[in-house]
Ligand code: CUA
């Protein structure tokens, strides 16, 4: 009776082990996704700034893009790589999955056969094999070979991901409590939570942190690398196609770890050059009367203690640079779409949107908040 239960359990577990492998194999029919630039990755985030009525009092931050579950920045599957390195990692993932599924299936099949065939054999008839050298060698050699193959495949992929001596574009990414700061080599501006990169050019990045260990990860661009305080790590990748890609922190770093995300906009060379040139210039002077009032009001508040708006008296360094805030698709490290409604919600109470982030709640009258929103959204 207990043997029958064991048998059923073995069969169920074997089946459970195989199912994910089957599903995964089904989802990825194309082995070389980078060679055929699929235009499926539309910049969903910017394309749909339709003012989501964010009146819901829920502290849970609404997802930024409601794209179809199979694609788009919200589902940055490593099985849909958009860089050669990402494709290498996908290949390795599939290889390891296939090998380990093979091991699992083999073990469960043998186990099932043995249980079925010998379950009624009296114990006295069981032949003991203790100390059998041949068997010992075989069951040591087989796992050793499997591990050696996995080791070889992993080392080979690691070699493919090696950082080249020189790259066309270099930037520094710094992890903060819970946002990202980006600074390009040879440029004078800093930006936050959204970065533009040129397609088909090899990019490298220095990864730093100001507080705890974060981890830089753009799943479709390749591996993840820790950002360690007081130590610089590096990563390199070559974005293959124009599009918008979600990056995220992949090392638990506190309450809002899940809301520490960023967007990578991969542009054509011309668009990238335009973006770089645009980011260099100081903040636009406000034009609408409400925005002008906001620009005046912001200097009377504590905002400049943390934020910089180049071209104004605000020169804080603790928080995101807001010089081109209005041109960003999202706010709060991709916590919300950047819409006047969401910015209002954020300014009314940042702690309600993203609890424990470093921006305190500042009591302000509604008309003042409206002026700040008008000004910040003009900072394109
Ligand atoms: Cu930063 Cu998790």
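The values are calculated or read from the model by the stated rules, or taken from the named source; none is laboratory data. All of these numbers come straight from a predicted model, not from anything done at the bench. Note that we place each Cβ from the backbone using ideal geometry, even for glycine, and neighbour counts take in every protein chain shown.
Within the set of pairs 6+ apart or on separate chains, which have a first residue in region 210-231 that is in contact (Cβ under 8 Å) with a residue 60 or more places away in the chain, a second that is within 14 Å of the ligand (Cβ to nearest atom) and in a loop (DSSP other than H, G, I, E, B), and C-beta atoms under 9 Å apart?
As it stands, the answer is 219/250, since those pairs meet every condition given.
Restricting to region 259-276, give me the number of residues that are away from the ligand (no atom under 11 Å from the Cβ) and in a strand (DSSP E or B).
Keep residues of region 259-276 that are away from the ligand (no atom under 11 Å from the Cβ), which gives 263-276.
Keeping just the survivors that are in a strand (DSSP E or B) gives 263-267.
Total satisfying the criteria: 5.
Give the residue, chosen from 159, 131, 186, 175, that is under 30 Å from residue 331 (Cα atoms) and surrounded by fewer than 11 Cβ atoms within 10 Å (Cβ to Cβ). Break it down stepwise before answering.
Numbers: 159 fails: under 30 Å from residue 331 (Cα atoms); 131 fails: under 30 Å from residue 331 (Cα atoms); 175 fails: surrounded by fewer than 11 Cβ atoms within 10 Å (Cβ to Cβ).
Of 159, 131, 186, 175, the one residue that is under 30 Å from residue 331 (Cα atoms) and surrounded by fewer than 11 Cβ atoms within 10 Å (Cβ to Cβ) is 186.
Report yes if residue 204 is within 14 Å of the ligand (Cβ to nearest atom), assigned to a strand (DSSP E or B) and within 17 Å of the chain's Cα centre (by Cα), otherwise no.
Details: within 14 Å of the ligand (Cβ to nearest atom): no; assigned to a strand (DSSP E or B): yes; within 17 Å of the chain's Cα centre (by Cα): yes.
Answer is no for this residue.
Answer with yes or no whether residue 73 is at pLDDT below 95, surrounded by 10 or more Cβ atoms within 10 Å (Cβ to Cβ) and either out of contact with any helix residue (DSSP H, G or I) (no Cβ under 9 Å at 6 or more places or on another chain) or more than 30 Å from residue 351 (Cα to Cα) (or both). Break it down stepwise before answering.
Numbers: at pLDDT below 95: yes; surrounded by 10 or more Cβ atoms within 10 Å (Cβ to Cβ): yes; either out of contact with any helix residue (DSSP H, G or I) (no Cβ under 9 Å at 6 or more places or on another chain) or more than 30 Å from residue 351 (Cα to Cα) (or both): no.
Answer is no for this residue.
Does any residue of region 168-185 turn out to be under 17 Å from residue 265 (Cα atoms), more than 16 Å from the ligand (Cβ to nearest atom) and touching a helix residue (DSSP H, G or I) at 6+ places or on another chain (Cβ under 6 Å)?
Among the residues of region 168-185, not one is under 17 Å from residue 265 (Cα atoms), more than 16 Å from the ligand (Cβ to nearest atom) and touching a helix residue (DSSP H, G or I) at 6+ places or on another chain (Cβ under 6 Å), which makes the answer no.
Right, residue 191: over 22 Å from residue 77 (Cβ atoms) and either away from the ligand (no atom under 16 Å from the Cβ) or more than 18 Å from the chain's Cα centre (by Cα) (or both) or not? Let's see the steps before the verdict.
On the way: over 22 Å from residue 77 (Cβ atoms): yes; either away from the ligand (no atom under 16 Å from the Cβ) or more than 18 Å from the chain's Cα centre (by Cα) (or both): yes.
The answer is yes for residue 191.
Looking for whichever is touching a residue at least 60 places away in the same chain (Cβ under 8 Å), in contact with a helix residue (DSSP H, G or I) (Cβ under 8 Å, 6 or more places away or on another chain) and farther than 30 Å from residue 221 by Cβ here; the options are 89, 115. Which one fits?
Values: 89 fails: farther than 30 Å from residue 221 by Cβ.
Selected residue: 115, the only one of 89, 115 that is touching a residue at least 60 places away in the same chain (Cβ under 8 Å), in contact with a helix residue (DSSP H, G or I) (Cβ under 8 Å, 6 or more places away or on another chain) and farther than 30 Å from residue 221 by Cβ.
Of everything in region 245-258, what is buried (at least 21 other Cβ atoms within 10 Å of the Cβ) and more than 9 Å from the ligand (Cβ to nearest atom)? Give them in sequence order.
245, 246, 247
Identify, from the list 296, 317, 279, the residue that is more than 22 Å from residue 178 (Cα to Cα), more than 16 Å from the ligand (Cβ to nearest atom) and touching a strand residue (DSSP E or B) at 6+ places or on another chain (Cβ under 9 Å). Step through it out loud before you land on a result.
Working: 296 fails: touching a strand residue (DSSP E or B) at 6+ places or on another chain (Cβ under 9 Å); 317 fails: more than 22 Å from residue 178 (Cα to Cα).
Exactly one of 296, 317, 279 is more than 22 Å from residue 178 (Cα to Cα), more than 16 Å from the ligand (Cβ to nearest atom) and touching a strand residue (DSSP E or B) at 6+ places or on another chain (Cβ under 9 Å), namely 279.
Examine region 228-244 for a residue that is within 11 Å of the ligand (Cβ to nearest atom), modelled with pLDDT of 95 or more, out of contact with any helix residue (DSSP H, G or I) (no Cβ under 6 Å at 6 or more places or on another chain) and in a strand (DSSP E or B), and state whether such a residue exists. Write out each step before concluding.
Narrowing region 228-244 to residues within 11 Å of the ligand (Cβ to nearest atom): none.
Checked against the condition, which is being within 11 Å of the ligand (Cβ to nearest atom), modelled with pLDDT of 95 or more, out of contact with any helix residue (DSSP H, G or I) (no Cβ under 6 Å at 6 or more places or on another chain) and in a strand (DSSP E or B), region 228-244 yields no hits at all.
Go through (1) buried (at least 19 other Cβ atoms within 10 Å of the Cβ); (2) out of contact with any helix residue (DSSP H, G or I) (no Cβ under 9 Å at 6 or more places or on another chain); (3) closer than 30 Å to residue 281 by Cβ one by one and return the number of the condition residue 196 breaks.
With (1) buried (at least 19 other Cβ atoms within 10 Å of the Cβ); (2) out of contact with any helix residue (DSSP H, G or I) (no Cβ under 9 Å at 6 or more places or on another chain); (3) closer than 30 Å to residue 281 by Cβ applied to residue 196, the lone miss is (2).
State yes or no: is residue 146 assigned to a helix (DSSP H, G or I) and touching a residue at least 12 places away in the same chain (Cβ under 8 Å)? Working first, answer last.
On the way: assigned to a helix (DSSP H, G or I): yes; touching a residue at least 12 places away in the same chain (Cβ under 8 Å): yes.
So residue 146 passes the test.
Condition (residue is under 24 Å from the mean Cα position of the chain (by Cα), surrounded by 10 or more Cβ atoms within 10 Å (Cβ to Cβ), part of a helix (DSSP H, G or I) and modelled with pLDDT of 95 or more) applied to region 99-116: is it met by at least one residue? Give the derivation first.
Step one: filter region 99-116 for residues under 24 Å from the mean Cα position of the chain (by Cα), giving none.
No, region 99-116 contains no residue that is under 24 Å from the mean Cα position of the chain (by Cα), surrounded by 10 or more Cβ atoms within 10 Å (Cβ to Cβ), part of a helix (DSSP H, G or I) and modelled with pLDDT of 95 or more.
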